[in-house]
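Each value in this text was obtained by applying a stated rule to the coordinates, not by laboratory testing. For clarity, every value in this text was computed on a predicted model and none was experimentally measured. Don't worry about glycine lacking a Cβ; one is built from the backbone with ideal geometry, like all the others, and counts go over all protein chains shown.
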Amino acid sequence: MIEKCDARTMRFVAGCNMPGYLPDAETYSFDTLEEAMAYIRDLMRDAADTDDRWSDEDIAAIDTIAADPDGEFGVTVYGWHYFVAIA
């Protein structure tokens, strides 16, 4: 769900989907980049718990992911695209 905000407030939208398909999961709006990235890490951990393709190295790497200097992030892992964008 994308929430409206005034022009002075920077917000971040985070979520995941399968590329080429409509979003399977709702997107959420966050006040800070740190909150949005924490949400993405949680989504990735949940996926790792339910999908045995994730290796120990993949799971360990979740804690090291970071947004780019512009505050955006995107990575596709095992068919799911995880993203953070400035709203």
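Side notes on the structure shown:
- Stretchable slack from Glu35 to Asp52, in nm (0.36 nm times residue separation minus alpha-carbon distance): 3.4 nm
- Taking every alpha-carbon pair under 8 Å whose residues sit at least 6 apart, the chain reaches a relative contact order of 36 percent.
- Helix-only [θ]222 nm of the chain, DSSP H runs n ≥ 4, -39500 (n - 2.57) each, per residue, nearest 500: -8500 deg cm²/dmol
- Inter-label distance for Ile65 and Thr9, nm, one decimal - labels placed 7 Å from Cα along Cα-to-Cβ: 2.6 nm
- Considering only Arg45, Arg11, Arg53, the mean-square fluctuation computed in a Gaussian network model of the chain, springs between alpha carbons under 10 angstrom, is largest for Arg53.
- Structural size metrics of the chain, computed from C-alpha coordinates, are Rg and Dmax of 13.2, 43 Å.
- Among Glu34, Glu57, Glu72: highest mean-square fluctuation, GNM of the chain, C-alpha pairs under 10 Å: Glu57
- A cut-off of 5 Å between modelled amide H atoms, ignoring neighbours fewer than 5 places along the same chain, links Arg11 with Ala87.
- Couplings 3J(HN,Hα) of segment 31-42, computed from phi: 6, 10, 4, 4, 5, 5, 5, 4, 4, 4, 4, 5 Hz, in residue order, whole Hz [Karplus 6.51 cos²θ - 1.76 cosθ + 1.60, θ = phi - 60°; x for Gly and Pro].
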